[in-house]
Amino acid sequence: MKWKVALSDLNFDHRERKIVNQVIRDRWLTMGEMVKKLEKNFANFLKVKHTFAVSSGTAALHLALRASNIKIEDEVLVPSLSFVASSNAIIYVGAKPVFLDITSLSDLNLSCDDLEKKITRKTKAIMVVHYGGYLANMERIKKIAKKHDLSVIEDAAHAIGAKFESKMAGGIGDIGCFSFFSNKNMATGEGGMIVTNQNKLAEKIRLLRSHGMTSMTLDRHEGHAYSYDVTELGYNYRMSEINAALGIEQLKKLKSSNRKRKTLIKTYVEDLKEPKGFSIPFLNYPRDSAFHLFPILLDKDVDREKFMKFLKREKIQTSIHYPPIHRFSYYRKNVGASRDELPLTEYVGRHEVTLPLHPLLKKEDILFVCDRIRKILPRVRR
Ligand SMILES: Cc1ncc(COP(=O)(O)O)c(C=O)c1O
């Protein structure tokens, strides 16, 4: 499908082409100088002590749970309104995801009241997701975690560059996880980053990322090491040099592309003032955002399927963030999640639509989408 206005797009140009060519010329394809540089630049950007480039955001989440020593019988609190990877990673380590509702229809992040209610003797960690790039209430989450001695893992896949006072998303909890999947604010195709300020966690992550081995191929290539021991059951979650090279250029563009996203959202909000038929979450939100998504919530009497179909006919791509995780067949069958009652999450799961947002869009594109929405809305009321 050739979209007139795509949901997301790659912000690539000659700089990405040049640096990828450099990797090919340099003839070293994994965990080399590009990975080192990306990790260093990311650490400076986020103001965190340790950064590890990994093969995906999901790998980062898995490593975060392993490094935090989460295991069978443990419970991890996680919002159901997220991408399924947030809770799949909890199941990878044998623990049980306990799903949280969202705060309200204007704040789609996890509810701290629900969080406090669901802590048991088995709870070991909170997986915080910064929905759409909007920071969750980390002050309150950290207080609760401290009181109950819980690890805080931030799934900051949407939130690269979001800030709370001087702290950046992903650098506020014990461990932060990022995704560089193709549709993210920083895209390398596949890829991610795991970050922490704690030396002990960092040491574990370093080992787990590469099979638990005590030395790397590059160390041996450069003559720093001849052999290695294996001290943990680790994985191959390493990042390639090509992905890291793309990441280096993407990180340079991040601040300006997040600013562009913010401007585009402002255009949407101003132009969509008039038509009734939906609400816009996170308006006047007190914390900062990386503006990853632009979600709207259709009113109950608007037929979402027809609405999305009409926009598709106009070659405007939309999506849903998210079908709630606890309603998926696998989760109902294996996690017993069908009994969870998460009324606000389920409401959003039924009525949310995500509109196009990426830094290559122009003001005219947004105005075109708004115009079509105004035309379509009266025709899709039930
Ligand atoms: C909230 C969230 N968490 C985790 C992930 C997983 O990241 P990846 O696709 O890089 O494995 C994603 C990516 O889509 C995501 O949106």
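With the requirement that a residue be assigned to a helix (DSSP H, G or I) and charged (D, E, K, R), what does segment 361-382 give you?
Across segment 361-382, the qualifying residues are 363, 364, 365, 371, 372, 374, 375, 379.
Checking the conditions here, which among 319, 289 is in contact with a His (Cβ under 9 Å, 6 or more places away or on another chain) and either closer than 13 Å to residue 357 by Cβ or among the small types (Gly, Ala, Ser) (or both)?
289
Filter segment 16-66 down to residues that are within 16 Å of the ligand (Cβ to nearest atom) and assigned to a loop (DSSP other than H, G, I, E, B) and give me whichever is surrounded by the fewest Cβ atoms within 10 Å (Cβ to Cβ).
Top of the filtered list is 55.
I want to confirm something. Restricting to segment 291-322 and keeping residues that are surrounded by fewer than 16 Cβ atoms within 10 Å (Cβ to Cβ) and assigned to a loop (DSSP other than H, G, I, E, B), which single residue is farthest from the chain's Cα centre (by Cα)?
Here the residue is 301.
Quick one: count up the residues across segment 164-198 that are within 12 Å of the ligand (Cβ to nearest atom), part of a loop (DSSP other than H, G, I, E, B), in contact with a Ser or Thr (Cβ under 7 Å, 6 or more places away or on another chain) and at negative phi.
The qualifying residues number 4.
Could you figure out which of (1) touching a Phe, Trp or Tyr at 6+ places or on another chain (Cβ under 8 Å); (2) over 24 Å from residue 115 (Cβ atoms) isn't true of residue 325?
(2)
Which residues, taken from segment 259-290, are under 25 Å from the mean Cα position of the chain (by Cα) and assigned to a loop (DSSP other than H, G, I, E, B)?
280, 281, 282, 283, 284, 285, 286, 287, 288, 290 - these are the residues of segment 259-290 that are under 25 Å from the mean Cα position of the chain (by Cα) and assigned to a loop (DSSP other than H, G, I, E, B).
Read the figures in this text as sums done on the coordinates, not as results from a lab. Note that the coordinates shown come from a computational prediction; the quantities given were computed from them, not determined experimentally. Cβ: placed from backbone, ideal geometry, glycine included. Neighbour counts: every protein chain shown.
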